[in-house]
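First up is the structure itself, then whatever we jot down about it.
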There are 4 protein chains.
Amino acid sequence: MLAIQVTKPGLNNLQLVERPIPEPRRGEVVMRVGAAALNYRDLEVIEGSYAIAYDVPLIPLSDAVGEIVAVSDEVRRVKIGDRVASTFWQGWIDGAFESADTTSSLGGPLDGVLAEYIRLSSEGVVRVPHHLSDEQAATLPCAAVTAWHALVTDGHLAAGDSVLVEGSGSVSLFALQFALLAGARVIATSSSKSKLERLLTLGAHATVNYAETPMWGQEVRQLTSNRGVDHVIDVGGPESFQQALQAVRPGGQISIIGYLGGKTGTINPLEIFQQQVTVRGTVRVGPRKSFEDMNRAIATNKMHPVVDKVFVWTEIRDALNYMRIQQNFGKIVLAF
Amino acid sequence: MLAIQVTKPGLNNLQLVERPIPEPRRGEVVMRVGAAALNYRDLEVIEGSYAIAYDVPLIPLSDAVGEIVAVSDEVRRVKIGDRVASTFWQGWIDGAFESADTTSSLGGPLDGVLAEYIRLSSEGVVRVPHHLSDEQAATLPCAAVTAWHALVTDGHLAAGDSVLVEGSGSVSLFALQFALLAGARVIATSSSKSKLERLLTLGAHATVNYAETPMWGQEVRQLTSNRGVDHVIDVGGPESFQQALQAVRPGGQISIIGYLGGKTGTINPLEIFQQQVTVRGTVRVGPRKSFEDMNRAIATNKMHPVVDKVFVWTEIRDALNYMRIQQNFGKIVLAF
Amino acid sequence: MLAIQVTKPGLNNLQLVERPIPEPRRGEVVMRVGAAALNYRDLEVIEGSYAIAYDVPLIPLSDAVGEIVAVSDEVRRVKIGDRVASTFWQGWIDGAFESADTTSSLGGPLDGVLAEYIRLSSEGVVRVPHHLSDEQAATLPCAAVTAWHALVTDGHLAAGDSVLVEGSGSVSLFALQFALLAGARVIATSSSKSKLERLLTLGAHATVNYAETPMWGQEVRQLTSNRGVDHVIDVGGPESFQQALQAVRPGGQISIIGYLGGKTGTINPLEIFQQQVTVRGTVRVGPRKSFEDMNRAIATNKMHPVVDKVFVWTEIRDALNYMRIQQNFGKIVLAF
Amino acid sequence: MLAIQVTKPGLNNLQLVERPIPEPRRGEVVMRVGAAALNYRDLEVIEGSYAIAYDVPLIPLSDAVGEIVAVSDEVRRVKIGDRVASTFWQGWIDGAFESADTTSSLGGPLDGVLAEYIRLSSEGVVRVPHHLSDEQAATLPCAAVTAWHALVTDGHLAAGDSVLVEGSGSVSLFALQFALLAGARVIATSSSKSKLERLLTLGAHATVNYAETPMWGQEVRQLTSNRGVDHVIDVGGPESFQQALQAVRPGGQISIIGYLGGKTGTINPLEIFQQQVTVRGTVRVGPRKSFEDMNRAIATNKMHPVVDKVFVWTEIRDALNYMRIQQNFGKIVLAF
């Protein structure tokens, strides 16, 4: 079978290699990959700029959907023929992150999904909603589970809550879609007029252009009749966090998920005290249980993830270069 | 002003009386009633069959919407001109029922809302969604808050959960509507084909005719691919509870809310153990906070309560007789 | 090595056999057993009266403590030399029971711990508190985790809560000890004066003799100034449940855990509604996370489990016969 | 009766005045004050340095215990002769701070407790544990409820958790005592050797001298075998918060409660993300329900608050000057 591996940093060093089709070891299954999706971490891992330096050679990428073609003897959870997605953490099933095997993430340190066939833990796969194509379902393992886990599993989102999503990165888009299907009110920000329009088309109740309104926290607050929003999915880094603190109501919550807007900037932690806010430094992604719960919500509400563009999987360099310029609105997917 | 009072049991003993317009005492407001709604408890109170015998003369009914026309000096929560609904418990604001004043229910022991002007605690009113008429908003204080409190406040309903609602009583209809706007999957039961159709029209994902399928618990379970439902809003009494135990998944919850189907029948409590179910004997209605949270969800999702029929308020006897035959689908409302 | 196995029902059919010392397969460890403990389920499994009929030959028993003497290659959670206990569910790490492998219980269907060396999942062991001997620590995997999971993990016990424990079975004794170390108030029942005295010695704040007071529910309520208890750990079956309903406060919770007092009897489920109680049909035992959390509490508070009697492990028949007469106060342990 | 009031800023401007004994208005009770306690806010209010400038003349102080000597007609919650404490928020009974009347705090804007007789809401008093003297019970309304609400009501402290308390301010001392009675492990910090000894005497499991170890966060972490503490009660301001972030485990929580160590300093909010910590900007004090729950825990465990010194209430200036130098270990109380 074919696989693509990292041997040294750099997109140009990705190698297409021939490997034997893997056999399932005890407790494992083998999936024939149908589609995969890119996350920004994948680019960092491939370029060598990720926080962790994994051993090479490494097959990158963590998000895949495909069909199970082999299972080891004692596996009962799934069977040959099941269409499943990989879970980012092969060893985090449910509950606290303390209960996870923190060395079990795909695409580093474990070999990832950029291959025709991959070996996964029988506990590290979930069935995906029938109404989604492989390309659509492949978007779910990281970005969607991250949004769901922060907003629903940990955030206990209720209908009627208001949610602020920042920008149009993939986690923000999923947060917007999940908030809407859960009956919440969504306020979205962007610096691009065309993206603001697409956010409204997706269902956002109100939008704020943060390029035009640098102090957008107050404007978001006004959009809630000055009550403040209940939840913020904060992906923008310290400057954005500063505004989020203005936007959220006393007793509300800010889930810090990323730093797309930069890593520099500081706050006085007493502002958290003065605003009576709960700030949650989220865990990476979430457990399998969050993925399963999310899938039921996606299936019940016939939700479709936003796919920006599909590449053939061997065009991985083009796909990564496209991701790097951050003009996508929705996930970048690889078809096998 | 005019009011209608109970002096001795029986619909024919309701008296239309002239009373002075009330003045707000310390901590109170006065509302000019725009609409009121009936609950089955009101019929029982008027007929003298309610579990508690209240002192008479008593102005019955608990659910009203109207305009605040007077406030006592120190009141800041609301102001003259606000359109508000009454809360069933005038003295239950938030949190545990232990924190409620259990003698503060309207329509007994406190004078209720069947009058042109009523005196309420300034803490015992909530603003209602703008998109609802008085007649629509008057349906909310008991039946809707009961459903919301059981399903959302206590039940922590999440998108993708499955909810079983029994019959087409008002609490069940509200539970159906709230479950849908929160992204849940709804299975509804009824013994009437026409009502099953109306439940589907309201958005139920599946229905079961319990007249045709007396052992409907198993059928509901099959409709969930044998996983069982996550929540049951159980209003049908012991026989229905028996079926609910079959329908719910291990780890799921049954909220017991009433006994429309009768009060007799028993279960072996070990069945609760064997099914690993959580059974919650719900509190009556819920606190003001549940009402406020619910209103935000109703407003965000532009939900409209189901109103079956509107009577002029002085036709209270006709309205009560209509309620008694239980052919209504939706709330019975009184216009002022 | 030596092991004892069940081949056909009956204590007299237990066989002492010679087997090869197990090798760890992928993801497994091997423990040299230092002590084991009995649970009533073990007697039922051996006698063939358990609800599930497991395949034979089967090594029975689920609770063991010992030293890890071998691990498979990739295991990092534990290492050779660690002193650990087995978890009842080898495949339930954390979170909802839905996330458990329900075929992973020790002592059936998986081979249990009645052997000098046993093979366990590397995820199915937990380190035990240093201050406990092997004999003491061996009491923890089932009875203690059951009590902790019901009272703390699911019951969210807080200091100052009141807890009713029924009788002096092992789950009840652990519930009493955990409630005390968590700052709760404990009321205990028994039909034996000497056991009531021992319960007081263990720290119970008050006791009720249910032989002398068949309607003990009301008496328990009076011991709480008529407020009712916050939690009941209900192990006594339907008759005891009936009393528990009288003892618990509105909003309180009853965790149904067993049926030591018999399986027959019924209730009207509307009583749960009238009392506004939450009734939880508990899951069997609990996940590894509950065991780990419990161990921290035991270590912090230097708690010692109550051990009634220690047998040599090959005297398993004597130990089981001793358990059958139910005169023990505390766990029955086997030393290796 | 005598009362002491603020008319303009400054300790020397406190006036001892004669006022009529108050009469209860609708919904009110009158308490004859037996003891009161000081909080730092009282000093700030009297000196005019508090964040809010209240109207004068104002009777300061919020914490009192005494006997109810009069109640208005319809009051049923309490009766003449009851020994009760005042609640800081006269209008926050239970649930979310959103449900509180935020203008109902004693000692500003409402007249406080520095008077022989005071008027309180009938909903704004709680019975106090029998084993406490008035002087001891008067310490509870602010500092103790703050600690309880952060650690137990919002923090869901469980037995076996580890808690870091900073310094020996009153909230920290109560947090230490509550953590201990709930079966938690306590690590305490101070810059004074004699105070560290007193903290150990109170039951702290370990202590750190932050004067000797400026980077004390790492040392605290080591005291937990590098797991990190579960809860931090952070009272020290931004610099202390920085260390707290080092001390807490992933998934643990920091409750920001004050700024005794100063108000300046900043953090990069991404550190909260990297550490996967939950940071809670706590509400002021807590609702009546937290006070009631706390009292049950205090009574069950016969806990005694730490009283540093008792002054005669008319020596308020001496008491405030004593508080200003911050040499107290425990509460400063006024006897009437």
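Out of C:Leu157, C:Leu151, C:Leu140, I need the residue that is within 12 Å of another protein chain (Cβ to nearest Cβ), within 13 Å of the chain's Cα centre (by Cα) and surrounded by 22 or more Cβ atoms within 10 Å (Cβ to Cβ). Which one?
From the options C:Leu157, C:Leu151, C:Leu140, the qualifying one is C:Leu151.
Working only within the stretch D:289-300, note down all residues that are under 9 Å from D:Val126 (Cβ atoms) and either outside the structural domain of D:Gly95 (by TED's automatic domain parsing) or open to solvent by 40 Å² or more (accessible area, probe 1.4 Å) (or both).
Matches in the stretch D:289-300: D:Glu292 only.
Go through A:Ser105, A:Ser99 for me and flag whichever is among the polar types (S, T, N, Q), in the same structural domain as A:Ile52 (by TED's automatic domain parsing) and crowded, with 24+ Cβ neighbours inside 10 Å.
A:Ser105
Hey, can you tell me all the residues within the stretch B:67-82 that are buried (at least 19 other Cβ atoms within 10 Å of the Cβ) and either out of contact with any Ser or Thr (no Cβ under 8 Å at 6 or more places or on another chain) or free of Cβ contacts under 8 Å to residues at least 40 places away in the same chain (or both)? Reasoning before the result, please.
In the first step, residues of the stretch B:67-82 are kept if they are buried (at least 19 other Cβ atoms within 10 Å of the Cβ); the result is B:68, B:71, B:75, B:78.
Scanning the stretch B:67-82 gives a single hit, B:Ile68.
Condition first: within 30 Å of D:Leu14 (Cα to Cα) and within 15 Å of the chain's Cα centre (by Cα). Now tell me which residues in the stretch D:292-325 satisfy that.
D:Pro305, D:Val306, D:Val307, D:Asp308, D:Met323
Determine whether the stretch A:259-278 contains at least one residue that is surrounded by fewer than 21 Cβ atoms within 10 Å (Cβ to Cβ), under 16 Å from the mean Cα position of the chain (by Cα), at pLDDT 95 or above and within 13 Å of another protein chain (Cβ to nearest Cβ).
No, the conditions are met nowhere in the stretch A:259-278.
Residue under question is B:Ala100, and the condition is that it be within 14 Å of chain D (Cβ to nearest Cβ) and without any contact (Cβ under 8 Å) to a residue 24 or more places away in the chain; does it hold?
Criteria not met by B:Ala100.
Name the single residue that is nearest to the other protein chains (Cβ to nearest Cβ) among those in the stretch C:1-45 being in a strand (DSSP E or B) and either within 21 Å of C:Ile325 (Cα to Cα) or not hydrophobic (A, V, I, L, M, F, W, C) (or both).
Step by step, filter the stretch C:1-45, then rank; the result is C:Glu28.
Which one is most open to solvent (accessible area, probe 1.4 Å) among residues in the stretch A:160-193 that are farther than 24 Å from A:Pro141 by Cβ, away from every other protein chain (no Cβ under 13 Å) and of a type in the set (Gly, Ala, Ser)?
Restricting to residues being farther than 24 Å from A:Pro141 by Cβ, away from every other protein chain (no Cβ under 13 Å) and of a type in the set (Gly, Ala, Ser), the top hit is A:Ser191.
Is it the case that some residue within the stretch D:194-203 is within 12 Å of another protein chain (Cβ to nearest Cβ) and either surrounded by fewer than 17 Cβ atoms within 10 Å (Cβ to Cβ) or modelled with pLDDT under 95 (or both)?
Within the stretch D:194-203 (the criterion being within 12 Å of another protein chain (Cβ to nearest Cβ) and either surrounded by fewer than 17 Cβ atoms within 10 Å (Cβ to Cβ) or modelled with pLDDT under 95 (or both)), the answer is yes, since at least one residue qualifies.
Of the numbered conditions (1) assigned to a helix (DSSP H, G or I); (2) under 28 Å from A:Ala3 (Cα atoms); (3) over 15 Å from the mean Cα position of the chain (by Cα), A:Glu98 satisfies every one except a single condition; which is it?
(2)
Pull up the stretch B:83-96, narrow it to residues that are in contact (Cβ under 8 Å) with a residue 40 or more places away in the chain and of a type in the set (A, V, I, L, M), then point me to the one that is surrounded by the most Cβ atoms within 10 Å (Cβ to Cβ).
Per the criteria, the residue is B:Ala85.
Would you please name the residue that is farthest from the other protein chains (Cβ to nearest Cβ), looking only at residues in the stretch B:236-250 that are outside any strand (DSSP E or B) and open to solvent by 10 Å² or more (accessible area, probe 1.4 Å)?
B:Gln246
Checking D:Val113 against (1) away from every other protein chain (no Cβ under 14 Å); (2) of a type outside the set (Lys, Arg); (3) in contact with a Pro (Cβ under 7 Å, 6 or more places away or on another chain), which test does it fail?
Evaluating D:Val113 over (1) away from every other protein chain (no Cβ under 14 Å); (2) of a type outside the set (Lys, Arg); (3) in contact with a Pro (Cβ under 7 Å, 6 or more places away or on another chain) leaves (3) as the failure.
Checking C:Pro60 against (1) buried (at least 21 other Cβ atoms within 10 Å of the Cβ); (2) touching a residue at least 60 places away in the same chain (Cβ under 8 Å); (3) not in a strand (DSSP E or B), which test does it fail?
Every condition holds for C:Pro60 apart from (2).
Given the criterion in a loop (DSSP other than H, G, I, E, B) and closer than 16 Å to B:Ala37 by Cα, identify the matching residue among B:Val84, B:Val113.
Only one candidate qualifies: B:Val113.
Testing D:Gly217 on (1) within 14 Å of chain C (Cβ to nearest Cβ); (2) not in a loop (DSSP other than H, G, I, E, B), one condition comes back false. Which one is that?
Result: D:Gly217 passes all but (1).
Inside the stretch D:301-327, can you point out the residues that are open to solvent by 30 Å² or more (accessible area, probe 1.4 Å) and within 26 Å of C:Ser225 (Cβ to Cβ)?
Residues satisfying the conditions are D:Asn301, D:Lys302, D:His304.
The values are calculated or read from the model by the stated rules, or taken from the named source; none is laboratory data. What you see is a predicted model; the values in this text were computed from it and never measured. Using ideal geometry, Cβ is built from the backbone for each residue, glycine included, and neighbour counts are taken over all protein chains shown. Remember, those area values only see protein heavy atoms, side chains included, never the ligands or the DNA or RNA. Shrake-Rupley method; radii C 1.70, N 1.55, O 1.52, S 1.80 Å.
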